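Heads up: the structure comes next, in structure tokens.
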Amino acid sequence: MIPCNFDYYRPESLQELGQAIREAPRPFQFLAGGTEIVTMAQAGEVAPKAVIDLKAIPACNKLAMENGRLHMGAALTLTQAATSGLFPLLGSVARRISDHTNQCTITLGGNICGTIAYREAILPLLLSEARAGFFRKGRVVEQKLADCFHGRLQREEETALLYLCVEQKYLSMPYVHVKKVKNEKIDYPLLTLAALKAPEGVRLAVSGLCSFPFLVECAALADPSRMPGQRAEAVIKSLPEQPRADSFASAAWRAFIMKQAVEDAIARLEGRGG
Amino acid sequence: MIVYKGKAEITLLVNGRTHVLWVRAADVLLDVLRGQLGLTGAKPGCRNGDCGACTVVMDGLPVKSCLVLACAAEGKQILTVEGIGESPLAKAFSEARAFQCGYCTPGFLMASLRPFAK
């Protein structure tokens, strides 16, 4: 059981969300799927005075094409994102996060904003230049996700993530998704790699390799005149930090499987050998 | 807007029956099912969302009841292993002796109830 007591707010509109934020005792936490908050509260690692449940807010549950963009509410579960078929790369990534049962509870927003470092759901969104809608000081503010995600989603205090939007053109681009694990199929990643073949070239986003997920920034990656192996080497040299070393894998092993995965992804997306 | 402070009265729909219960906002569904409704089929295992012994079906999909706040389950249709009775799935498990100690078998049954769309 959760040893602390807290108040529970379930707003059903943005106006009520603003009211809940004004009235809730501090500190409070936003609740979507709740898997992380409940787990941490049961372990005594967090003790909020209130939780604000976002799941009844229409903007947080929307899943629709509008004005050339796919609008995905932050309270959509990984299962909903996967079974909709609207964003195949996101669906592929979502199906490998945790297990099938937890995917029915874990939300897009929860996975992106959570404290667990992998945040794999962010990868397709970074690749597709997604925009994020926030509820900040009573207003909905939208900004490019890449501008406010640097390993973790940078949010002002008391700001809720409401939705994510992706332009339609990205939804049908060829993609590759690979998740490398040490033991069981359901496991934290040694490496999760998502790749997209955009008109200007291959894009990559990675989780599990370093201490945070990131979009690969390497000019050589999109250079078709270079062989995949050369481009993979260039990507390894452009990493934002050294690969992680832990009980699952050494940094050298992670770098090795990353290089192999990048080379393979490029070859598959460009229809060529290594 | 729903606001629950301290202990609050909530309504849960479990196995086709409506129950009015007093719960803390911090009570998880697993403890409410077992402690207040006597539905002890769902089991506390890891209490961390890993083992699945607490699995129930909520609005047609399996969820780990140790990770769901009871008040967040309001308005949902909850199905526990007690609610599937002598279903073909339960009979198949029994006939095939598809269990060892049986503690987490309810979790297996509820997770197996609905095939996942590919």
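The values are calculated or read from the model by the stated rules, or taken from the named source; none is laboratory data. Just so it is clear, the model here is predicted, and its values are computed rather than measured. Neighbour counts are summed over all protein chains in view; Cβ atoms, including those assigned to glycine, are modelled from backbone coordinates with ideal geometry.
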message: Considering only residues that are out of contact with any Lys or Arg (no Cβ under 8 Å at 6 or more places or on another chain) and surrounded by 24 or more Cβ atoms within 10 Å (Cβ to Cβ), which ones fall in the range A:53-75?
response: A:LEU54, A:ILE57, A:CYS60, A:ALA74
task: Could you figure out which of (1) facing chain A (nearest Cβ under 10 Å); (2) outside any helix (DSSP H, G or I); (3) crowded, with 23+ Cβ neighbours inside 10 Å isn't true of B:MET110?
output: (2)
message: Scan the range B:64-77 and tell me whether some residue there is in contact with a helix residue (DSSP H, G or I) (Cβ under 7 Å, 6 or more places away or on another chain), away from chain A (no Cβ under 14 Å) and of a type in the set (Val, Ile, Thr).
response: no
message: Taking the condition of being more than 13 Å from chain A (Cβ to nearest Cβ) and within 11 Å of the chain's Cα centre (by Cα), how many residues in the range B:14-32 meet it?
response: 2
field: Those residues of the range B:40-57 which are facing chain A (nearest Cβ under 9 Å) and farther than 15 Å from B:ALA111 by Cα, in sequence order
entry: B:ARG47, B:ASN48
Residue that is surrounded by the most Cβ atoms within 10 Å (Cβ to Cβ) [pool: residues in the range A:243-257 that are more than 16 Å from A:ASN183 (Cα to Cα) and of a type in the set (Gly, Ala, Ser)]: A:ALA255
message: Can you say whether A:VAL141 is modelled with pLDDT of 95 or more, assigned by TED's automatic domain parsing to the domain that holds A:ALA121, surrounded by fewer than 19 Cβ atoms within 10 Å (Cβ to Cβ) and on the phi < 0 side of the Ramachandran plot, as far as the supplied structure shows?
response: yes
- request: With respect to A:PRO189, determine if the residue is over 14 Å from the mean Cα position of the chain (by Cα), outside the structural domain of A:PHE149 (by TED's automatic domain parsing) and modelled with pLDDT under 95.
  value: no
field: Yes/no for B:GLY107 being in contact (Cβ under 8 Å) with a residue 12 or more places away in the chain and out of contact with any helix residue (DSSP H, G or I) (no Cβ under 6 Å at 6 or more places or on another chain)
entry: yes
message: Tally up the residues in the range A:90-117 that are within 14 Å of chain B (Cβ to nearest Cβ) and either on the phi < 0 side of the Ramachandran plot or not polar (S, T, N, Q) (or both), please.
response: 19
- prompt: Counting just the residues of the range A:1-41 that are among the aromatic types (Phe, Trp, Tyr) and within 25 Å of A:GLN103 (Cβ to Cβ), which one comes out nearest to the other protein chains (Cβ to nearest Cβ)?
  reply: A:TYR8
- request: Being aliphatic (A, V, I, L, M), within 9 Å of chain B (Cβ to nearest Cβ) and within 30 Å of A:TYR175 (Cα to Cα) is the filter here, so list the residues in the range A:47-89 that pass it.
  value: A:ALA82
message: Looking at the structure I just gave you, is A:GLY151 modelled with pLDDT under 95, within 18 Å of A:ARG119 (Cα to Cα) and of a type in the set (Gly, Ala, Ser)?
response: yes
query: Only one of (1) in contact (Cβ under 8 Å) with a residue 24 or more places away in the chain; (2) farther than 23 Å from A:LYS185 by Cα; (3) buried (at least 21 other Cβ atoms within 10 Å of the Cβ); (4) facing chain A (nearest Cβ under 10 Å) fails for B:GLY60. Which number is that?
result: (3)
- request: Tell me, please, whether a residue that is over 21 Å from A:ILE2 (Cβ atoms), more than 10 Å from chain A (Cβ to nearest Cβ) and not in a loop (DSSP other than H, G, I, E, B) can be found in the range B:96-105.
  value: yes
- prompt: Can you find a residue in the range B:82-97 that is hydroxyl-bearing (Ser, Thr, Tyr) and modelled with pLDDT of 95 or more?
  reply: no
- request: Name, by its number, the condition in (1) more than 10 Å from chain B (Cβ to nearest Cβ); (2) within 19 Å of the chain's Cα centre (by Cα) that does not hold for A:GLY44.
  value: (2)
- prompt: Condition test on B:ARG34, is it surrounded by fewer than 21 Cβ atoms within 10 Å (Cβ to Cβ), touching a helix residue (DSSP H, G or I) at 6+ places or on another chain (Cβ under 6 Å) and either in contact (Cβ under 8 Å) with a residue 60 or more places away in the chain or not hydroxyl-bearing (Ser, Thr, Tyr) (or both)?
  reply: no
- request: For the range A:104-145, enumerate the residues that are without any contact (Cβ under 8 Å) to a residue 40 or more places away in the chain and aromatic (Phe, Trp, Tyr).
  value: A:PHE134
